[in-house]
Amino acid sequence: MMNLNKGNIKLKAEAVNKADAIRQAGTLLVENGNMKTEYITSMMEREKVAHTYLGNGIAIPHGLPKDRNLIAQTGISVVQIPAGVEWNPGERVHLVVGIAAKSDEHIEILSNLTHILDDEATVQRLSRTTNPDDIINCLVNPTSNDNNGKALANLENTESDFAKFVDVAIQGNTGLHARPATVLINLAKEFESEIRVRYRNQTANAKSLVSLLKLGVEGGQTIRLMAQGADADQALQTLKREVESGLGDEAEEISAVSLGRRLEFESAAIPGIAASPGLAIGPVFQLKRGKVVFEAVAKDPAAEETRLRQAVETAKAQLRELYEDVKARSGTGKASIFLAHQEFLDDPELVAGARAQLQDHRSAAWAWQQAYEQRAQTLEQLKDPLLAGRATDLRDVGRRVLRLLADKVEDELTLPEYPVILIAEDLTPSDTASLNPQLTLGFCTAYGGPTSHSAIIARSLDIPAIVGAGPAILNLADGTACILDGESGGLYPHPSQADLETAKTAQQDLQAIREAEKLACYQPALMTDGHRVEVVANIGAAAEAEQAVNAGAEGIGLLRTEFLFLNRSEPPSEEEQFAAYSQMTQALNGLPLIIRTLDIGGDKAVPYLNLPAEENPFLGIRGIRLCLQRPDLFKPQLRAIFRVAHTGSVKIMFPMIATLEDLQAAKTIAEEVRLEIGAEPIEIGMMIEVPSAVLMAPEFAQEVDFFSVGTNDLTQYTLAMDRGHPALAKQADGLHPAILRLIDQTVRAANGAGKWVGVCGGIAGDPKGAAILAGLGVSELSISIPSVAAVKAKLRSLSLGQTQVLAKRALQCRNAQEVRAL
Ligand code: PEP
Ligand code: MG
């Protein structure tokens, strides 16, 4: 362990230059008996090979490895230079930490230093303190407190602590990693007060993601939340409650098919960590990252600042798109990492860190790279592998911005057009999200862990994967034949004929398992007493109709037509819409297609519509209200729907109906359009998404052919909780008894008028939710494509009677947790 005593600290020093500063730090170590005077020369020599400026006003001079024989006893010294000394052009040092390490002990001090590296306030304090103990406490073993975190209460307050605080334990086993930390930050930002989190001897800004992650808080550990400001009490109360309820962190569900037995191969394996089950056989291809080229210096700091700001904004926009894209393909859980990535870009410390360097005529690209790389290295040092893995995320975001700032990106990545096993040092979430599953037989990374987001995404895409197989894999030439066993975590280069046979047989077995599961998904959701629930799919793209049928869906219960209107510069023409709907009726081949008319507004912005900004967009001109105001959008859509109606079983559904007047007006326009075209009447339904629609359901039931309950919005409007609010995600649960009672009321009203009710919100795709909804008398469940097989299987395992009992009990619960616990 490194040793630092008061004799090795020199406060209020002055140094004429770097050599003078190194000499002073070295002299302290010599005087303390740590090393011979000659080692000072070695420290100077080292500086010629690699400079030892760490960042944020700290340097760590140490000698060359060959001169370690000059060290008598490992130790460190600290020279505090309040006025600073220039280390390299543009880099001023206030704390010179001289290191004499007999072996690699300096790594430990380096790791301790990284904890304060980005903590401007602490570094400044240490640069001026008149108490050597402040420096000792910070630099030597800052995490040496009682491992269960209970020592917190005994900690003396430091200058970075506030008077008001609460202690709270982090729930679960996975610690304060990127997703829960993002939730905590979003909550903290809602308060004016300055909020800090203390974990053992370290303090972080609760509004900065990097700062929070660096604490390395592991699952079950206690943190201290501290606040100072007008709303400090309220902030502490809220944050404590949210931390106790888990910060929205949920276990990840794994969808990949597993073989369930271990395979034996005769060839030698490169062992790695199993990350996603399945077998791949094929040539490897190494994914090499392109070089990002940029100038380090720039003339105009103001222009560089503008470039930096613009690049960060563009990167955020890219991440928003990526989030939507992955959400549509793999669900909110898998996409949420890209929300965390956006949070990195909102991190005040990260951006300020880069901006601070611009004044020294550094280019925006250079400054940005320094800022994120320094912080990524700090994260990498954390003990908890899950938290250390977030360095990959930070570098991923960092590079996204860097590419935008670069003069050129050399060797832009091109993947082969034939299927390969990808080999890479590490894959970032952005890389994984852009993989083409058709051409990616599997992937194997040298670094990274099974909890990395790449591994999670691989599992959701059903791509076999191995991580952490070590740098040896990078020596495999492109085209080397390999077997990748994602279940055992072994990569087998140059497999023997016998191994290839084993792998092929296993692949066939896996295929058979998949086929069996698939076949079951085509069986109807016939309950044990013969009652049938229709299971259909929610889709938002023309090609998904076919995917839905292939996944066992019995039709489309909700076509979100917004996809036709988003990410473009003008609305789609009637012809374009007709073509898209026709593609779907063709794929559905007679199965029902419920087309919901445009539901724009709320959180879905469409720039070319030039809609005025609204104070409360979810309560503004959204859904049917917008369509009634904009016949130029509404009528072409209705025309396209009526024209396509004779090609399949098409129904219309209106979104966001809150009043009878809205419904009447929409129906009147639809009827006008139908008569213009001369089409046959088709069924017209409405979404139940607003509490007023439930309360008026008996009247609405007289006017429509069916209801479909949009529990996402119904939950939002009933519980008054923004559906996209990260901190409310857990509470805004569609299985809350309040929502179930509204659905019950809806079903009774509909049945009274001889109409049917479907549910197309999120809870219908949750097997537990599906069972309760069946028991409430819902006859159609419209869910995301990947949930079809599981929901059908669940319903087939129960009788209607059983689900009715379940539903009755659910209606009597007091909260969503009680319902989920049934
Ligand atoms: C809902 O609100 O539950 C729903 C299905 O519609 P959307 O999610 O498209 O708003
Ligand atoms: Mg809705």
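The values are calculated or read from the model by the stated rules, or taken from the named source; none is laboratory data. Because the structure is predicted, anything quoted here is derived from the model rather than measured. Cβ coordinates were reconstructed from backbone atoms using ideal geometry, including for glycine residues, and neighbour counts include every protein chain displayed. Ligands, DNA and RNA are excluded from the accessible area calculation, which covers all protein heavy atoms including side chains. Shrake-Rupley method; radii C 1.70, N 1.55, O 1.52, S 1.80 Å.
Each Lys and Arg Cβ is given +1 and each Asp and Glu Cβ -1; about its Cα centre, segment 649-808 then shows a dipole of about 940 debye.
Across W366, W756, the residue with the most accessible area heads the list, and the full order at a 1.4 Å probe is W756, W366.
Close amide-amide hydrogen proximity is noted between M687 and F654, M656, I657, S708, each under 5 Å apart and 5 or more residues distant or on a separate chain (H modeled in the peptide plane; Pro and chain starts excluded). Per the Cα gyration tensor, segment 571-626 maps to an equivalent ellipsoid with semi-axes of 29, 14, 7 Å, ordered largest to smallest.
Summed over the residues of segment 682-805 and divided among them, the accessible surface reaches 33 Å² per residue at a probe radius of 1.4 Å. Residues in segment 232-244 carry Karplus couplings, in order, of 4, 4, 4, 4, 5, 4, 5, 5, 4, 4, 5, 5, 5 Hz; the curve used is 6.51 cos²θ - 1.76 cosθ + 1.60 with θ = phi - 60°, and Gly or Pro positions show x. When its C-alpha radius of gyration is set against 2.2 N^0.38 Å (N residues), segment 445-554 gives a value of 1.48. Dividing the mean sequence gap of close Cα pairs (under 8 Å, 6+ apart) by how many residues the chain holds gives a relative contact order of 9 percent.
Of the residues H341, H646, H94, the one with the largest accessible area comes first in the ranking H646, H94, H341, computed with a 1.4 Å probe on protein heavy atoms. The 3J(HN,Hα) values that the Karplus relation (6.51, -1.76, 1.60; θ = phi - 60°) gives for segment 304-312 are, in residue order, 5, 5, 4, 4, 4, 4, 5, 5, 5 Hz. Gly and Pro appear as x.
Excluding the site residues themselves, the longest part of the chain lacking any trypsin sites (Lys or Arg not before Pro) in a DSSP loop with at most 13 other Cβ atoms within 10 Å is 13-260. Taking D705, D134 and ordering them by how much accessible surface each has at a 1.4 Å probe, largest first, produces D705, D134.
Hey, could you get me the Stokes-Einstein D for the chain, Kirkwood radius over alpha-carbon pairs, 20 °C and 1.002 mPa s, rounded to whole µm² s⁻¹? Approximately 71 µm²/s, per Stokes-Einstein.
Estimated at the nearest 10 Å², the accessible area of T74 is 20 Å² with a 1.4 Å probe. Were the residues from Q234 through E672 laid out at 0.36 nm apart, the gain over their Cα-Cα distance would be 152.2 nm. Given K316/K651; K164/K189; K189/K327; K207/K316, which pairs have Cα atoms separated by over 28 Å? Flagged as over cut-off: K316/K651.
For segment 515-644, dividing the convex hull volume of the Cα atoms by the residue count gives 140 Å³ per residue. Here the spin labels are modelled as points 7 Å beyond Cα on the Cα-Cβ line, and at N131 and A516 they lie 6.9 nm apart. Once the Cβ-Cβ distance of K48 and S434 is raised to the sixth power relative to R0 = 45 Å, the FRET efficiency obtained is 0.55. Heavy-atom accessible surface of segment 296-366, averaged per residue, reaches 46 Å², computed with a 1.4 Å probe. Extension gain, A303 to S267, is 7.2 nm, computed as 0.36 nm per intervening residue step minus the present C-alpha separation. So how much accessible area does I763 have, in Å² to the nearest 10, using a 1.4 Å probe? In the full protein context, I763 sits at about 10 Å².
Tell me which GluC sites (Glu not before Pro) from segment 261-305 have a DSSP coil assignment and no more than 10 other beta carbons within 10 Å of their own. Counting only loop positions with at most 10 other Cβ atoms within 10 Å, the GluC sites (Glu not before Pro) in segment 261-305 are E264.
Note on the chain: antiparallel DSSP beta bridges, both residues inside, total approximately 55 percent of the bridges counted. Working note: Cα gyration tensor of segment 474-531, eigenvalues times five, square-rooted, sorted largest first, giving semi-axes of 39, 12, 9 Å.
How big is D, in µm² s⁻¹, for segment 699-822 by Stokes-Einstein at 4 °C and 1.567 mPa s if Rh is the Kirkwood radius over C-alpha pairs? Here the translational diffusion coefficient equals 89 µm²/s. Based on alpha carbons, the Rg and Dmax found for segment 721-789 are 12.8, 40 Å. Rolling a 1.4 Å probe over the protein heavy atoms gives segment 27-87 an accessible area of 41 Å² per residue.
Under 1.5 on a/c is rounded, so check that first for segment 508-559, then, if it is not, pick prolate when a/b is larger than b/c and oblate when it is not; a ≥ b ≥ c are the square roots of the alpha carbon gyration tensor eigenvalues. Oblate is the answer for segment 508-559, as a/c is 1.5 or above yet b/c matches or exceeds a/b.
Shown for the chain: the carbon plus sulfur share of the solvent-accessible area, taken with all protein chains present and a 1.4 angstrom probe, equals 50%. Calculated mean residue ellipticity at 222 nm for the chain: -13000 deg cm²/dmol, from DSSP H runs with n ≥ 4 weighted as -39500 (n - 2.57), summed, divided by the residue count and rounded to 500. Taking 0.36 nm per residue of sequence separation and removing the Cα-Cα distance, the R630/S496 pair yields an extension gain of 41.5 nm. Straight-line cross-link partners of K66 among the lysines, defined as a Cα under 22 Å from its Cα and at least 8 positions apart when in the same chain: K36, K48, K102.
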